[in-house]
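Below: one structure, written as C-alpha cells.
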Amino acid sequence: MPVRRSLLAAPVLEVAPKLLGMVLRRTTDEGTVAVRLTEVEAYDGPNDPGSHAYRGQTARNAVMFGPPGFLYVYFTYGMHFCMNVSAGPDGQPSAVLLRAGEVVEGVELARRRRGAPASAETKFNQTAGVRSAGLSGAGVRAAGSSGAGVQPGPAGGKAAARRNPDWELARGPARMCVALGIDREANGVDLLARDAEVQLVPGPGFEGEPSTGPRVGLREAADRPWRFWIPGDPTVSAYRPHVPKKRA
DNA sequence: ACCGTGATGGTCT
DNA sequence: GACCATCACGGTG
C-alpha cells in the first residue's frame with residue numbers, strides 16, 4: 001500500500017523528515033529492488049535559491065509544479081540521474097531529493113545494476129583494445145546473470161565486493177537511481193498509484209530524531225540546514241561542499 | 001582516510 | 001558558454 005497523498009501535501013520542510021524510514025520500491029521484469037530511505041533534502045521552490053524551481057517553471061522541472069507524490073528525475077553532470085518526490089499542494093513547486101538509502105529487498109539485482117565500476121575487467125578490456133559496444137553496463141549485467149545463479153555480487157568477486165560493499169549500493173543520489181534502475185523514463189511517475197512501477201510505501205520508519213545539516217554540493221543557499229538523515233546509519237552519504245570548477 | 005580531478009551532456013543565459 | 005542537487009579513481013599520508 002502506497003502512502004497517503006495528503007501526507008506529502010504538507011510544506012516540504014515537514015514532509016522531508018517524514019520520508020526517512022519509508023521505502024521506495026521498483027518492480028520490473030528484472031525483479032524488485034526496495035530501498036529504505038536514510039537521507040533526503042528539501043527544496044522549497046520560489047523561497048529557495050538552491051531549487052531548480054527557483055526561477056520558474058521549465059520543461060525540466062515541470063513535475064515539481066504538479067501535485068505531490070510524483071517522481072521528478074533529472075540528469076546532471078552529463079552522466080547521472082537524481083530523483084525527487086514532489087511535495088506540497090498542487091501548484092507549489094517543492095520537492096524532496098532522495099539522497100541515500102539501504103537496500104532492503106533485491107540486493108542481488110541492485111548489485112548487478114551497480115556492477116563493478118571501472119575495475120579490473122573494464123581496465124583489461126580497455127588496455128587490450130577490446131571494442132566494447134556498450135559493454136560497460138550491459139556486459140556486467142550479462143556476466144552477473146549468465147551463471148547458474150551461483151555467483152553472487154558484482155563482477156570481480158571478493159575484491160570488488162570489498163570496494164563496493166552493500167551499504168554503498170544506494171549511498172548517494174545517483175547510486176540510488178542506478179540500484180533501482182531509475183532514469184529519465186521514470187520522470188513524472190505517480191509513486192502513490194496502486195499499479196505504479198515505482199512506489200512509495202510506509203516502511204519500518206526509524207527510532208529517534210533525524211539529524212539535520214546543510215545540503216550537499218550546493219552553491220546557492222549552501223547554509224540552509226535542509227538535509228535530513230538517520231543518525232549513525234552507514235548508508236548516509238558524506239557531506240561535500242560546493243566546489244567551483246576550474247576555468248579554461 | 002582524505003583530497004584533487006576528469007568525465008560528459010542537458011539546461012539555461 | 002557556463003554551470004551543474006555526482007561518481008570513481010589515483011595519489012598521498
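Computed from the coordinates by the stated procedures, all read-outs in this text should not be read as laboratory data. Keep in mind that what you see is a predicted model, and the values were worked out from it rather than measured. So basically every Cβ, Gly included, is an ideal-geometry build from the backbone, and we count neighbours across all protein chains shown.
Modelled spin-label separation between A:Ala10 and A:Glu220, with each label point placed 7 Å from Cα along the Cα-to-Cβ direction: 2.7 nm. Segment A:1-76 and segment A:216-248 have Cα centres lying 18 Å from one another.
For A:Ser86, A:Ser211, A:Ser6, what ranking results if the residue with the fewest other Cβ atoms within 10 Å of its Cβ goes first?
Sorted ascending by nearby Cβ count, the order is A:Ser6, A:Ser211, A:Ser86.
Taking GluC sites (Glu not before Pro) across segment A:184-220, the ones in a DSSP loop with at most 10 further Cβ atoms lying within 10 angstrom of their Cβ are A:Glu207.
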